[in-house]
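A short write-up of the structure that comes next.
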Amino acid sequence: MDKNIVSLIQKQFEFKPSQVQNTLMLLEDGNTIPFIARYRKEKTGSLDEVAIRDIQKEYQRVEKLLKRKADVEKSIAEQGKMTAKIKAQLKDAATLQEVEDIYLPFKKKKVTKAQIARENGLEPLAKYILSFPKKSPKEEAEKYCNEKYPTKNAVMDGALDILIELFSENVQLRNYIRQRFENYGKLTSKLKKDAIDEQQTYKMYYDFEMKVTNLSSYQILAINRGEKEKILRAKIETNEEIILNYFRFRIISKNVSPANEFIIKAYETAYKKSIKPSIEREIRAKLTEKAEKQSIAVFGENLYNLLMQTPLKGKVILGVDPAFRTGCKLAVVDETGKFITKDVIYPHETAKDKKPDPKKRAQAVEKIKALLKHYPIQVVAIGNGTASRQTEAFIADILRDYPHVNYVIVNESGASVYSASEIARQEFPDFNVEERSAISIARRIQDPLAELIKIDPKAIGVGQYQHDLPKGQLDDELKEVVQTAVNKVGINLNTASVQLLQNISGLNKTIAQNIINFRNENGKFEKRATLKKVPRLGPKAYEQAAGFLRIIDGKEKLDNTDIHPESYPIAKEILQEIKQSDARLGSYKLKSALQQFSVADFIKKTNYGKQTVEDIVESLDKPGRDVRDKMSGPLLRSDILKLEDLKKRMQLQGTVRNVTDFGAFVDIGVKVDGLVHISQMKKRKIKNPREVVAVGQVIDVWVLEIDQKRNRIQLTMVNPNE
């Protein structure tokens with residue numbers, strides 16, 4: 001491990017050197033981030049997963065930077081052009097771009113006009129021009145005429161090419177222009193001539209201008225997409241007069257010479273033809289990279305909150321996948337998500353401008369009532385796709401006679417992807433796609449994490465401009481988010497699917513399948529330690545995974561906690577200290593005894609780590625806890641609301657479906673989601689909607705504007721009546 005890198009990371013994040021060094025050592029030893037964050041707090045100083053990932057990524061970035069510096073230094077040295085000044089510049093370079101700027105004059109490139117001029121002996125003339133001679137450079141040019149450059153004008157053009165390249169590759173000039181563009185540049189966009197934007201998707205960017213420093217990620221990505229679709233043209237503008245004045249100051253200063261006019265032409269050409277386009281491309285690329293990073297983070301955070309929604313435990317659910325022509329598919333699942341029965345009903349019109357068939361609608365009513373009679377259904381889960389609102393009205397009307405049954409609208413994004421997947425075919429080989437969708441919709445509210453884990457996160461629809469984002473980076477981020485959520489919650493070892501198991505710390509798809517096979521062949525796991533018998537699950541994998549796998553009603557009571565098996569002796573010492581046994585986990589008597597337990601005294605006596613002991617005490621106090629119980633649960637409804645029913649200033653409750661940089665989309669129970677703009681979230685100004693709301697959260701809103709023609713609803717979280 002490079003100590004210089006450790007030092008740089010420590011300064012970057014203001015962590016203690018020991019935190020950085022220990023974290024990197026733990027990662028180097030093959031420990032996973034969830035394991036380190038949960039079970040190695042004494043080593044890391046209680047760094048969370050975000051901080052550990054930051055350290056890991058920064059180490060990789062700095063390592064890459066140092067390698068590039070070494071490669072550049074070697075290349076320049078091999079050319080015999082290394083100087084103390086260049087060495088110092090490389091040492092001080094903090095980014096790859098700075099290193100590339102230093103390397104630019106030495107980089108092997110295609111033969112340029114300047115190189116041809118140098119090869120034909122014109123470099124001394126270029127240097128002469130830069131010495132600000134008293135006589136005209138043209139007089140000197142005659143000495144340099146040759147076969148390639150036969151006239152004085154041709155020689156002067158060759159000297160000009162050398163100066164243009166010299167100025168174009170000047171590190172100080174490029175840095176200055178870069179800073180001007182970054183700090184004072186404005187991104188402008190215009191509607192392209194003859195461009196067709198039928199839906200006026202990019203209307204706000206037809207004549208757009210904003211400082212580079214003030215741009216939001218969604219604006220950058222929207223303009224990029226508009227350019228890609230040949231609707232917009234965009235560029236970065238800045239005050240060129242200031243830049244050219246700086247060039248004059250740096251290059252000419254107070255010198256007065258007949259060569260000045262020639263030098264001015266050289267640096268103006270260098271700026272306009274080379275430096276400006278290059279820096280503009282660089283800044284646009286930086287803006288895009290930053291916007292993509294922000295959007296990936298938004299997607300990740302939204303996905304995490306969606307996965308971490310409170311499960312609707314212990315409820316029998318009727319799932320409904322709505323449709324017109326093909327009918328609404330029904331599926332009943334029990335309290336554990338096990339499929340019970342399925343059916344299909346036709347309560348709606350099967351074609352445009354046709355009315356529902358009264359006979360089929362009556363049959364549909366009877367089928368729903370029969371299901372409600374024969375099964376202890378407590379919630380009806382309705383998908384929010386085609387025919388959703390008509391199905392909602394139909395179900396709500398029936399449920400008036402069943403006050404103990406509620407319904408909920410479920411975001412069905414990705415349900416069709418799951419239903420057509422290999423996972424779904426293996427689970428329900430004899431079902432058609434739509435029938436599988438109804439089961440998925442029901443299970444989504446029972447256990448969002450367990451069901452959504454089966455779907456490609458990109459199909460869930462909680463991002464912004466996700467199709468414009470780099471696939472590799474997006475996939476990596478979403479994989480990390482899924483793993484964080486799964487390990488944060490922990491899973492039941494005896495019921496978990498392959499999809500859940502493969503996201504547990506230390507496991508992969510092969511080992512996860514081996515666990516399932518072992519479970520099928522040998523019956524349910526009675527102890528965590530039995531995992532050691534699973535093929536290919538070695539000591540390291542067991543160490544990393546065991547604490548995140550729960551066994552309910554097993555032989556070892558501590559297996560239903562997030563206490564790691566390596567800490568069972570400490571847990572049992574604590575129980576002995578308070579004169580309790582693990583058989584009483586969760587009891588009032590044990591909880592009372594733990595309240596009297598002094599962590600400080602115990603640590604002093606045993607010398608165990610404080611964070612480990614505190615975590616063990618919390619786990620003993622709340623065995624089998626589910627951290628998702630603190631989150632918002634699904635919003636259950638018993639009545640229906642139409643767009644026409646909405647009035648300005650009306651107060652409603654809604655579920656946040658998506659959060660973007662400019663606001664949040666909220667399901668308030670009508671056909672379309674309403675938008676709470678960032679400016680309507682608090683009385684005070686906020687920078688980020690995610691400071692206030694999260695996907696899945698149930699919030700109070702008031703109707704601000706209703707545009708029935710465009711099917712748009714504007715909402716506010718600020719009470720207009722106060």
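The values are calculated or read from the model by the stated rules, or taken from the named source; none is laboratory data. Just so we're clear, the structure is a prediction, and the values are computed from it rather than from any experiment. Cβ: placed from backbone, ideal geometry, glycine included. Neighbour counts: every protein chain shown.
Out of Asp582, Asp639, report the one residue that is crowded, with 16+ Cβ neighbours inside 10 Å and modelled with pLDDT under 85.
Asp582
Based on what the data block shows, is Ala442 over 30 Å from Asp661 (Cα atoms) and either touching a strand residue (DSSP E or B) at 6+ places or on another chain (Cβ under 6 Å) or in a helix (DSSP H, G or I) (or both)?
Yes, satisfied.
Going residue by residue through region 7-16, is there one that turns out to be surrounded by 15 or more Cβ atoms within 10 Å (Cβ to Cβ), in a helix (DSSP H, G or I), at pLDDT 90 or above and not hydroxyl-bearing (Ser, Thr, Tyr)? The answer is no, given that none of the residues of region 7-16 is surrounded by 15 or more Cβ atoms within 10 Å (Cβ to Cβ), in a helix (DSSP H, G or I), at pLDDT 90 or above and not hydroxyl-bearing (Ser, Thr, Tyr).
Counting the residues of region 652-683 that are touching a residue at least 24 places away in the same chain (Cβ under 8 Å), under 22 Å from Glu412 (Cα atoms) and not acidic (Asp, Glu) gives 19. Going through (1) modelled with pLDDT of 95 or more; (2) hydroxyl-bearing (Ser, Thr, Tyr); (3) under 27 Å from the mean Cα position of the chain (by Cα); (4) in a helix (DSSP H, G or I) one by one, Tyr59 falls short only on (1). For region 688-702, the condition holds for at least one residue, the condition being that it is farther than 14 Å from Leu652 by Cβ and free of Cβ contacts under 8 Å to residues at least 24 places away in the same chain. Keeping to region 344-385, report how many residues are at pLDDT 95 or above, β-branched (Val, Ile, Thr) and either surrounded by fewer than 17 Cβ atoms within 10 Å (Cβ to Cβ) or part of a loop (DSSP other than H, G, I, E, B) (or both). Here the count works out to 1. Residue-level check: of (1) assigned to a helix (DSSP H, G or I); (2) farther than 22 Å from Pro34 by Cα; (3) modelled with pLDDT of 95 or more, Glu526 misses just (1). Of the set (1) part of a loop (DSSP other than H, G, I, E, B); (2) within 28 Å of Glu566 (Cβ to Cβ); (3) without any contact (Cβ under 8 Å) to a residue 60 or more places away in the chain, all apply to Met82 but (2). Condition check for Glu451 on (1) surrounded by 20 or more Cβ atoms within 10 Å (Cβ to Cβ); (2) within 14 Å of Asn305 (Cα to Cα); (3) modelled with pLDDT under 95: one failure, at (2). Report, by residue number, each residue of region 602-635 that is in contact (Cβ under 8 Å) with a residue 40 or more places away in the chain, of a type in the set (Ser, Thr, Tyr) and assigned to a helix (DSSP H, G or I). Once the filter is applied, which keeps residues that are in contact (Cβ under 8 Å) with a residue 40 or more places away in the chain, of a type in the set (Ser, Thr, Tyr) and assigned to a helix (DSSP H, G or I), region 602-635 yields Thr612, Ser619.
Only one of Lys254, Lys338, Lys329 is under 30 Å from Ser497 (Cβ atoms) and free of Cβ contacts under 8 Å to residues at least 12 places away in the same chain. Can you tell me which? Matching residue, one of Lys254, Lys338, Lys329: Lys338.
Among the residues of region 438-487, those identified as small (Gly, Ala, Ser) and within 30 Å of Arg225 (Cα to Cα) are Ala459, Gly461, Gly463, Gly472.
Out of curiosity, is Ser437 in a loop (DSSP other than H, G, I, E, B), surrounded by 19 or more Cβ atoms within 10 Å (Cβ to Cβ), of a type in the set (Ser, Thr, Tyr) and in the same structural domain as Val379 (by TED's automatic domain parsing)? The answer is no for Ser437.
Every condition in (1) at pLDDT below 95; (2) surrounded by 13 or more Cβ atoms within 10 Å (Cβ to Cβ); (3) farther than 30 Å from Met210 by Cβ is met by Gln97 except one, and the failing one is (3).
Picking from residues in region 473-500 that are of a type in the set (A, V, I, L, M, F, W, C) and not in a helix (DSSP H, G or I), the one that is farthest from Phe35 (Cα to Cα) is Ala496.
For region 529-552, filtered to residues that are surrounded by fewer than 18 Cβ atoms within 10 Å (Cβ to Cβ) and among the small types (Gly, Ala, Ser), the residue that is farthest from His564 (Cα to Cα) is Gly538.
Of the residues Gln12, Gln79, which single one is closer than 27 Å to Gln483 by Cβ and out of contact with any Leu (no Cβ under 8 Å at 6 or more places or on another chain)?
Gln12
Please determine, by comparing only the residues of region 69-94 that are among the basic types (Lys, Arg) and under 34 Å from the mean Cα position of the chain (by Cα), which one is surrounded by the fewest Cβ atoms within 10 Å (Cβ to Cβ). Only one residue tops the list, namely Lys91.
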